[in-house]
Ligand code: CP
Ligand code: NVA
């Protein structure tokens, strides 16, 4: 069964094929209203459950629209409204949902909810973000980089800020797509060793550099994310902001990178915190393409999951 649980758990040739197919599907739709169907309808007759235990704008809308463009139907479920949030086990939920739907996408807190769902479901399961990883985001990010600058292999990506779930999936992608990654942030917020080790074992150069200006030298891509993720305690907000302030991506920092370095952010962004509006809205920022490409990349992910 083709579950899409994480980038490091997916064959690199399959990842490459998904990115390429996403590009082709995007091309084929150029200029069409969003609500029109694709020419081919690979999800015709398929029902997709979209489960959210955390808030979402992009993931929710892009999956929903993507399924419909491919001819399928969606069912949006919020964790709190399901029996899942009131004591029914994940395994039982997975078994039941498998009798009704053809594909499950879930955004949740603890990674074990995702893995247990996949273990007990008879249909493919997609990771729509957990506390630890966000693989769909990074598929869109790789696609976006390559759309603007060609192959990401051998490039230098700099992650500035918190070594969080999105950073983890970037490290997985470094290993699978063959690029290098420099993390710049405070030691308390380093990415977990497991993610760094995966990328290094795959042959990528992973560097930890505390000085942000030094970190971005020769960078091809600079990436930021929120300083307080959905799973972080709000009580830690001030402490995290104090630690992370030196890692804000601003025009002065961008000026230290290669002149054509791109800027990405998975969004939602907190303007003037992790990134300034000058950078977000500046000429090197590709954040809107990045957001759009969630749609195209995930359509390819869903086709891969269903083998259609
Ligand atoms: N980037 C991302 O996953 O956004 P949402 O939280 O809005 O889905
Ligand atoms: N790191 C962020 C990403 C949101 C898409 C979070 O988990 O809240």
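Give me 195, 52 sorted ascending by neighbouring Cβ count inside 10 Å, so fewest comes first.
Listing 195, 52 from fewest to most nearby Cβ atoms yields 52, 195.
Treating the angle as unsigned and between 0 and 90°, give the value, to the nearest 10°, between the Cα long axis of helix 12-28 and the longest Cα principal axis of the chain.
So the helix axis and the longest Cα principal axis differ by about 80 degrees.
Share of antiparallel DSSP beta bridges in the chain, in percent to the nearest 5?
Of those bridges, close to 0 percent are antiparallel.
When the chain is fully extended, how far beyond the present Cα-Cα distance does residue 289 get from residue 110, taking 0.36 nm per residue of separation?
Full-extension gain reported as 61.5 nm.
With springs connecting C-alpha atoms under 10 Å apart, model the chain as a Gaussian network and identify which of 153, 252, 121 has the largest mean-square fluctuation.
Of 153, 252, 121, the most mobile in the Gaussian network model is 252.
Looking only at the range 201-225, which residues have a backbone nitrogen under 11 Å from a spot 7 Å from the Cα of residue 252 in the C-beta direction?
Answer for this model: 213.
Order by neighbour count: 155, 294, 46, 271, fewest other Cβ atoms within 10 Å first, most last.
271, 46, 155, 294
So if we plug the beta-carbon distance of residue 14 and residue 308 into 1/(1 + (r/R0)^6) with R0 = 25 Å, what FRET efficiency do we get, rounded to 0.05?
My answer for the efficiency is 0.95.
When a/c is below 1.5 the answer is rounded, else prolate if a/b is larger than b/c, else oblate, so apply that to the range 121-170 with a ≥ b ≥ c taken from the square roots of the Cα gyration tensor eigenvalues.
The shape class here is oblate.
Roughly speaking, what is the stretch gain from residue 267 to residue 235, that is 0.36 nm per residue apart minus the C-alpha to C-alpha distance, in nm to one decimal?
Length gained, residue 267 through residue 235: 9.3 nm.
Helix 135-149 sits at what angle to the longest principal axis of the chain, using alpha carbons and giving 0 to 90 degrees rounded to 10?
Roughly 60 degrees, rounded to the nearest 10.
In square nanometres, what is the average projected area of the Cα convex hull of the chain?
Directional mean of the projected Cα hull area for the chain stands at 15.1 nm².
Provide the gained length on full extension for the span residue 100 to residue 200, in nm with one decimal, where the gain is 0.36 nm per separating residue minus the Cα-Cα distance.
Contour length minus the Cα-Cα distance gives 31.9 nm.
All of the numbers you see were taken from the coordinates with simple rules; none came from a lab. These figures come from a predicted structure and were not determined experimentally. Positions of Cβ are generated from backbone atoms using ideal geometry, with glycine treated the same way; all protein chains shown enter the neighbour counts.
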